[in-house]
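The values are calculated or read from the model by the stated rules, or taken from the named source; none is laboratory data. Because the structure is predicted, anything quoted here is derived from the model rather than measured. These area figures cover heavy atoms from the full protein model, side chains too; ligands, DNA and RNA do not enter into them. Shrake-Rupley method; radii C 1.70, N 1.55, O 1.52, S 1.80 Å.
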Amino acid sequence: DMKTQLEAAVNERKKLQDQLGEAKREVSRLEVLQNGFAMEKREVAQALRQTKQKLKQAEKEKERDIQDIMDLNTKLETAQKESENSRRMIDVKEDQMDRLRDDLEKALKKIEKLELRIAKGGAAEEEEEEEEESSG
């Protein structure tokens, strides 16, 4: 009977040692998992920091792009105003040229009339001279 109890105790001890070994292996496996999770957590945190930095950088670039667009809009508005002013100046100059052309045409007509008068007057004087010569 004592032998049976001893065998049972030995078997129980062996069983408990096996369970203890299994528990130690499970603890080791869990520690590996925990370390893995800790590494993943650090990696996730690092990726999050990098993403935040990239986001800040993108925000700065966006602000710069917005400022560039505003500057270009200002330059465009200025160029449009200058273009309108140039067009107005061209219109004014064209009006001045039209008036000068009209004045020039009027002056040319007056000159033609004067030349005709002179020519007629000259012809009248020549006739008078011829009359004087023939009578004289």
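List of remarks:
- The three principal axes of the Cα atoms in the range 28-75 give end-to-end lengths of 70, 7, 5 Å, sorted in falling order.
- Share of carbon and sulfur in the accessible heavy-atom surface of the chain [1.4 Å probe, %]: 55
- Debye log10 I(q)/I(0) at q = 0.17, 0.19 Å⁻¹ for the chain, Cα point scatterers: -1.08, -1.13
- Computed [θ] at 222 nm, helices only, for the chain once each DSSP H run of length n ≥ 4 contributes -39500 (n - 2.57): -38000 deg cm²/dmol
- Angle of helix 2-135 to the longest C-alpha principal axis of the chain, folded into 0 to 90 degrees and rounded to 10: 0°.
- Between VAL92, VAL44, VAL27, the Gaussian network model of the chain with springs among Cα atoms under 10 angstrom shows the greatest mean-square fluctuation at VAL27.
- Normalised per residue, the accessible area of the chain is 97 Å², obtained with a 1.4 Å probe and no contribution from ligands, DNA or RNA.
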